[in-house]
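The values are calculated or read from the model by the stated rules, or taken from the named source; none is laboratory data. What you see is a predicted model; the values in this text were computed from it and never measured. Neighbour counts run over all protein chains shown; Cβ positions are idealised from the backbone, glycine included. Keep in mind that these areas ignore ligands, DNA and RNA; they rest on the heavy atoms of the full protein, side chains included. Shrake-Rupley method; radii C 1.70, N 1.55, O 1.52, S 1.80 Å.
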Amino acid sequence: MNKIKVGVIGATGMVGQNYLRLLADHPWFEVTYVAASPRSAGRRYEEAVAGRWLMTTPLPDQFKDLIVGDAGDINSAKGKCSVIFSAVSLDKEKVKELELAYAAEGFAVVSNNSAHRHTENVPMLIPEINHSHADIIPAQRKHYGWDKGLLAVKPNCSLQSYLTPIHALREKGYQIDRIIITTMQAISGAGYPGPATYDLLDNVVPYIGGEEEKTELEPLKIFGTIKEGKFIYDQSIQISAHCNRVPVIDGHTACVSMGFKGKRPEINEIVEIWENFTSLPQLLDLPSAPRQPIIVRHEVDRPQPRRDRDMDKAMAVTVGRLRECNVFDYRFVGLSHNTVRGAAGGAILMAELLTAKEYIK
Ligand code: NAP
């Protein structure tokens, strides 16, 4: 099979580096273009990331000599790739404009940025949950007059740690109408260099700008439906979130209390639903799909970031501490790898889904 040529914009950053690490031996995609800010443009990739390659594995040889383009210059990507993974850190309005401009030029844009998460015809995908939302793309193309271009986005990284377990229960007919979530989010979620050491060591910061709003609103779109080429948000769940930055390198943890409307499952049934949960990415055997999307730990002190974040290519969600809640019905702890499942790996899985559905060719 000829590999699909892909570009990464924001390739020098935390998420961008994860893309390159994960795409180095990808069976379907080949990175043929990298871009970043004008500060990095024109340099060899190896030089552009000198002293700031943050991965724990060496920079793959195949990327060292790629010349970094200017992410703002769409012309320099033309002819080099057909898919753009977007991980630029820019002002929201500029990202909105830039991603639409790439799609208008025929690129399939898969983005980690929050700019288009609430654009009415842009799917925000967690492939195990709302893979059917990808089918808005024909309506999106028609709306913008695009022939080959498309735009799909990933939700906020913290959602991955608890939303798939919630979805698995909903899918079995259990209606959850209220959730309280307290996240403990890793430093890597803030990009490099992130918050100052002095703020983080020996400390917890009980504020991450915009994060609580994203945690409360994005699930409603993901659980929503498509009507006349637009997303209708699910209004049946109320979510209250507390988001904290903690001194962990990778892995977002979420403590979740959930309340059911109507009948509620027994604890052993919840465990069974979670352990047996699979979805379209598993059925299609997509290269980045975890074989078991939800892993249940039965020890009293799991999941933990250092011990559980890398499960199944760092793409699985690990849950544990499922127990009765004195206020709602049940509570549990969820954990996922924020820069893999929550960022680059999750977006690569989205691109694989879009390829399997033949929106990317
Ligand atoms: P980062 O480490 O700060 O990297 C930012 C990237 O954007 C770098 O490649 C940088 O290039 C580029 N950039 C900065 N200014 C630019 C400009 N004016 N024009 C073009 N490119 C520019 O950030 P990150 O953590 O990788 O995050 C990237 C995006 O993903 C953000 O939107 C973030 O919210 C989102 N995200 C992050 C995570 C996570 O866990 N970290 C998870 C989900 C989503 P230079 O190196 O040349 O400056």
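Details
- Top-ranked residue in the range 74-86 [being open to solvent by 20 Å² or more (accessible area, probe 1.4 Å) and within 23 Å of Thr119 (Cα to Cα); ranked as nearest to the ligand (Cβ to nearest atom)]: Ile74
- Scanning the range 22-70 for residues that are among the small types (Gly, Ala, Ser) and within 13 Å of the ligand (Cβ to nearest atom) yields Ala35, Ala36, Ser37, Ser40, Ala41, Gly42, Ala48, Ala50, Gly51, Gly69.
- Matching residues in the range 240-264 - criterion: being of a type outside the set (Gly, Ala, Ser) and buried (at least 23 other Cβ atoms within 10 Å of the Cβ): Cys243, Arg245, His252, Thr253, Val256, Met258
- Conditions (1) in contact with a Ser or Thr (Cβ under 7 Å, 6 or more places away or on another chain); (2) farther than 30 Å from Gln292 by Cβ; number of the one not met by Ile129: (2)
- Residues satisfying the stated conditions in the range 31-59, i.e. of a type outside the set (Gly, Ala, Ser) and assigned to a helix (DSSP H, G or I): Tyr45, Glu46, Glu47
- When Gly320, Gly345 are screened for being in contact with a Lys or Arg (Cβ under 8 Å, 6 or more places away or on another chain), without any contact (Cβ under 8 Å) to a residue 60 or more places away in the chain and either crowded, with 20+ Cβ neighbours inside 10 Å or under 24 Å from Asn130 (Cβ atoms) (or both), only Gly320 passes.
- Any chance Gly7 is part of a helix (DSSP H, G or I) and either open to solvent by less than 30 Å² (accessible area, probe 1.4 Å) or touching a residue at least 60 places away in the same chain (Cβ under 8 Å) (or both): no
- Count of the range 10-30 residues which are in a helix (DSSP H, G or I) and of a type outside the set (Phe, Trp, Tyr): 9
- For Tyr45, the criteria (1) in contact (Cβ under 8 Å) with a residue 40 or more places away in the chain; (2) surrounded by 15 or more Cβ atoms within 10 Å (Cβ to Cβ) hold in every case but one, which is (1).
Rundown of residues vs (1) of a type in the set (Phe, Trp, Tyr); (2) more than 11 Å from the ligand (Cβ to nearest atom); (3) more than 13 Å from Val256 (Cβ to Cβ), yes/no style:
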position	(1), (2), (3)
Leu322	no, yes, no
Cys325	no, yes, no
Tyr330	yes, yes, no
Val333	no, yes, no
Asn338	no, no, yes
Ala344	no, no, yes
Ala347	no, no, yes
Ala351	no, yes, yes
Tyr359	yes, yes, yes
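- Helices (runs of 4 or more DSSP H) contained entirely in the range 145-234, each with at least 1 residues that are surrounded by fewer than 16 Cβ atoms within 10 Å (Cβ to Cβ) and either within 16 Å of the ligand (Cβ to nearest atom) or in the same structural domain as Met350 (by TED's automatic domain parsing) (or both): 211-222
- Only listed residue being at pLDDT 95 or above and in contact with a Leu (Cβ under 6 Å, 6 or more places away or on another chain), chosen from Ala103, Ala115: Ala103
- All positions within the range 55-71 that are among the aliphatic types (A, V, I, L, M) and open to solvent by 60 Å² or more (accessible area, probe 1.4 Å): Ile67
Conditions tested, residue by residue: (1) in the same structural domain as Ser89 (by TED's automatic domain parsing); (2) open to solvent by less than 10 Å² (accessible area, probe 1.4 Å); (3) within 20 Å of Pro281 (Cβ to Cβ).
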| position | (1), (2), (3) |
| --- | --- |
| Tyr102 | yes, yes, no |
| Phe107 | yes, yes, no |
| Val110 | yes, yes, yes |
| Asn113 | yes, no, no |
| His118 | yes, no, no |
| Met124 | yes, yes, yes |
| Asn130 | yes, yes, yes |
| Ala134 | yes, yes, yes |
| Pro138 | yes, no, no |
